[in-house]
Structure formats: C-alpha cells, structure tokens
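The values are calculated or read from the model by the stated rules, or taken from the named source; none is laboratory data. Not measured: the values here are computed from a predicted model. Every residue, glycine as well, gets a Cβ built from its backbone with ideal geometry; the counts of neighbours run over all protein chains shown.
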C-alpha cells in the first residue's frame, strides 16, 4: 500500500484541506507508516490522486517542513527526517480538547491501578477524557507515545515512573518547562519539572527498621535497580537503617531482579535461599516481588515468618489476603493520582501551581509476615 492510499480529504470538514493533509501525513510519519528517509509522493501525484489544487499540497508540504518533519531539496524531492519528539510537540496547535494522556510503564503493577483511580476521580469533575498508554518500561515507546498524544492535541500528559524533564526543559531555567504541552511527572524524585512523589528513602528505612526491631541482622534486599532514580532512594533507606542500628551491610544480600513481576520475586527468593548463610528476613521493594518470594519460600519447605520474615512496599489489595498477611509500607497511590491531576489541571489552565514538587507521606502497615518477635530478640 502506498502513502497515497492512506490519504483522504473531506471537503465538508471545517478543517482546511491544507491542515487535513498536514495532520494525516504527520500521523503517518509518527507511526512509521512513512519511515525516516522515505520520499513523499510528489506534489503533482498527491494533487491528482485527491483531486485538489497543487497549491494546497504545496502549502501542506511547506508546513510539514516548517514543523521539522520533512526536508525538500531541489531535484531530490521531499524526504522524512529523523524522529524527534520535540517537533511533534511544537507542531501541535492547541485548543482545549478536555483530554489528557497518561503514560505508565506496565499494566501489570497494581500500583498504577490505584494511581489511575485517583486521576480519574479528578478528571471526571470537569469531564476530561483520559488516553492511557503502556510504555512497557521502554523509553523509546514512551517518547513515541508522548509524541502521539501531542499530535492528537491532548491538553496535558501525566508521566509515571520516568523523567522527561531534562529532555523537554532544555533551554529553560531548571524546573521551568519550555515545552508547549503541560505535563506532570509522578513517582520520579529527580524530576526538575512539576511532580508528585513519595519519600522513597523513608520507605526503605521504615521497612528495614521494622525487621531490625524484630531482632533480624541478616536482612536481604530484593530490588529492581542499583541506580535508577526512583529505586535508589529505597536502597539508601535500607542501608541507612542497617548502619544506624550497627548491623552490618552485606553486599551479597543486596540482589537485583529484572522487574516487578511475581516471577522475579520467585527468582530472587531462590537466590537468597541458595546462599550458604541465607538471610533471616527479606525486604522486597514491591508487594508483587514479595508475593513471588512467598511462593518460593513455602515451596522450599520453610515457613513465614518463623524461618524467613518478609516485608514489602505498596500495600496492594492482595497483600492482606495471603497467608500470612504481608507487612508492607503503604503508598498513597490514589492520592498521588489526585494530586497529579490537580497539578496538571492548573498548568492546563495557565496557572502556576503553589508547589512545584509535592511529596506525600508513607506508613508502615504491620501484619503477620514478620511475626510476633519481641523487639531486640535476635532471630539470626
């Protein structure tokens, strides 16, 4: 199928023919139906195929060139330039659409289900429609979806667990976005733009301190990264709690798994249990990892918490339903969604939010996965 087969115009549409062509070709480029380096059909070919004036097509091509999407050279025709999300963002002309985009890294993580509930509550108040995109933890997909949402002229975008501020705000003062499109970052503490986050270091500190108070000294950390900005503070909190208590930080007890799925929790627990001197307690940085760890620990013939205590982070609905119920640091995920949506609404309305960064508190939810040990009793 050629590009011509993908084009059409509607003479009864309120949008001009030039703008119709510009929007359609932009969308084809954005979705790689027309790839980088590919030559667009000649102006004459498009005009003949659609039955419209040559000047209309020429004007549309000039706008695409001004947008930075194509380049025309004498004798060589018009070719698609390299993908640059800024060009799609800047090319969009905005009028209020009462739509917003939300970019999340995974459908599977229950944290985002609660977060979206909060977003929806506030969006519903002014009948704003939500477009939800899964980035699959892939920055390339994230930027492609950000550009798609921009091309569809959403009023603003919420970006979860990934920072785009450095790329979008280049050229402005720190924290002052030069992007045409309002956006708010959620769950990424290093963002210089408007953001809603939680005290992640306190998460790691509270979870680890609770295990220390139960007498554990050999405490394993199951994490997904040793360097990501939205994971590193949790790791630091774990280490700070151990250091303050005088317990030794064992590097071999800090293991990294590929992601947040339960299967990775199973894998991480196997690695701990295979150690010659295994930890007596495990802090998993997500409930999904802890649930996977529970499965492996039980299958190995050990019991929780008598043989291995377990504490986690998020407090997803399933955390209280397992046996034993999971002790976890609760995330105010619904409130994060509400606050992020309120902040985005203010930016869309042209207002400056009172706070650039909102940090919400966390709390330890004590259940039975750490047992009934008296504080100070050595279980190791």
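Please go through segment 343-362 and give me each residue that is assigned to a loop (DSSP other than H, G, I, E, B), touching a strand residue (DSSP E or B) at 6+ places or on another chain (Cβ under 8 Å) and surrounded by 14 or more Cβ atoms within 10 Å (Cβ to Cβ), ordered by number.
The answer is 356, 362.
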task = Search segment 139-169 for residues being assigned to a loop (DSSP other than H, G, I, E, B) and out of contact with any helix residue (DSSP H, G or I) (no Cβ under 9 Å at 6 or more places or on another chain), and hand back the single one that is surrounded by the fewest Cβ atoms within 10 Å (Cβ to Cβ).
result = 153
key: Among the candidates 60, 66, 33, residue that is crowded, with 18+ Cβ neighbours inside 10 Å and either without any contact (Cβ under 8 Å) to a residue 40 or more places away in the chain or farther than 27 Å from residue 139 by Cα (or both)   = 60
ask   = Are any residues in segment 45-80 assigned to a loop (DSSP other than H, G, I, E, B) and either within 16 Å of residue 20 (Cβ to Cβ) or touching a helix residue (DSSP H, G or I) at 6+ places or on another chain (Cβ under 8 Å) (or both), and if so, which ones?
value = 51, 52, 53, 67, 68, 69
ask   = Can you find a residue in segment 265-276 that is more than 10 Å from residue 222 (Cα to Cα) and either surrounded by 24 or more Cβ atoms within 10 Å (Cβ to Cβ) or in contact (Cβ under 8 Å) with a residue 40 or more places away in the chain (or both)?
value = no
key: Residue within segment 287-294 that is modelled with pLDDT of 95 or more and exposed (fewer than 15 other Cβ atoms within 10 Å of the Cβ) present   = no
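Do we find a residue being closer than 16 Å to residue 308 by Cβ and at pLDDT 95 or above anywhere in segment 255-265? Even if it seems obvious, please write down each step before you answer.
The initial filter retains those residues of segment 255-265 that are closer than 16 Å to residue 308 by Cβ, namely 255, 265.
Restricting the remaining residues to those that are at pLDDT 95 or above gives 255, 265.
Checked segment 255-265: at least one residue is closer than 16 Å to residue 308 by Cβ and at pLDDT 95 or above.
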inquiry  = Just to be sure before I move on: is residue 324 without any contact (Cβ under 8 Å) to a residue 60 or more places away in the chain, assigned by TED's automatic domain parsing to the domain that holds residue 231, surrounded by 15 or more Cβ atoms within 10 Å (Cβ to Cβ) and in a loop (DSSP other than H, G, I, E, B) in the structure I sent?
reply    = yes
Output for segment 288-308, where each listed residue is over 21 Å from residue 242 (Cα atoms) and touching a strand residue (DSSP E or B) at 6+ places or on another chain (Cβ under 9 Å) = 288, 289, 291, 292, 293, 294, 297, 304
message = Which count do you get for residues in segment 309-321 that are crowded, with 24+ Cβ neighbours inside 10 Å and within 25 Å of residue 120 (Cα to Cα)?
response = 4
